[in-house]
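Shown next, in structure tokens, is the structure this report addresses.
The values are calculated or read from the model by the stated rules, or taken from the named source; none is laboratory data. Note that the structure is a prediction, hence the values are computed from the model and not measured. Methodologically, a virtual Cβ is constructed for each residue, glycine included, from the backbone with ideal geometry; neighbour enumeration extends over all protein chains shown. Accessible surface is based on the protein model in full, side chains and every heavy atom, while ligands, DNA and RNA are left aside. Shrake-Rupley method; radii C 1.70, N 1.55, O 1.52, S 1.80 Å.
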Amino acid sequence: MRKERMNDRGFSLVELIIVIAIMAILIVVLAPQYLKYVERSRNSTDLQNATTMKTAIETYAADPQAATPFTNGDEFSLEVKNTGTSVTGAASAKAEAALTDAALVPADIKCSSRTRWSDYTITGEVLPNGAISWTYTSTPADAFDAAMKGNS
């Protein structure tokens, strides 16, 4: 008696085409959602970096033993671009010292967002009571300011 041999040649061409078509459909459906999540993550990174820089400067300003303390009327700006952060203004050395004391390297903090803003600037001014007044600008205008104030 003869045993019939089973067809052990693998998948047929039609089966492979069907699997590839299903994978292509899944990629087309899921890729836009994935890209949205990635961009949302980039925006969150920018907001967190800005908050960290603000906190570092506020903590330094409140420290009575700071090497170069902030005084009433001091102004500085943190200009964050995709190439890094630059500190400008009359009190830029003090702001840079505050960031350095917090182990933050301004050149390493970059703007990550690709859609909501291309760069942003955080401007601080020391008030008479020692607090710091913050303003935010970005390209396009007001996008970063709204995000920092909690408005989508």
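Across 95, 24, 67, mean-square fluctuation computed from a Gaussian network of the chain (C-alpha pairs under 10 Å connected) peaks at 24. Counting only protein heavy atoms and a 1.4 Å probe, the chain has 68 square angstrom of accessible area per residue. What's the whole-number percent of alpha carbon pairs in region 88-152 lying beyond 19 angstrom? Roughly 43 percent, rounded to a whole number. Note on residue 41 and residue 88: the extension gain reaches 14.2 nm, defined as 0.36 nm multiplied by sequence separation minus the Cα-Cα distance.
The modelled label-to-label distance between residue 66 and residue 115, using points 7 Å beyond Cα along the C-beta direction, is 3.8 nm. Maximal additional length on extending the residue 22-residue 81 stretch stands at 17.2 nm, based on 0.36 nm per residue less the C-alpha distance. Placing a label point 7 Å from the Cα of residue 146 along the Cα-to-Cβ direction, the residues of region 23-47 whose backbone N falls under 20 Å from that point are 36-47. Within the listed set 20, 109, 57, the residue fluctuating most in the Gaussian network model of the chain (springs between alpha-carbon atoms under 10 angstrom) is 20.
Taking a straight line from the alpha carbon of residue 81, these lysines sit under 16 Å away, with near neighbours fewer than eight places off in the same chain left out: 110.
The Cα trace of region 5-152 gives Rg and Dmax of 24.1, 93 Å, the first to one decimal, the second as a whole number.
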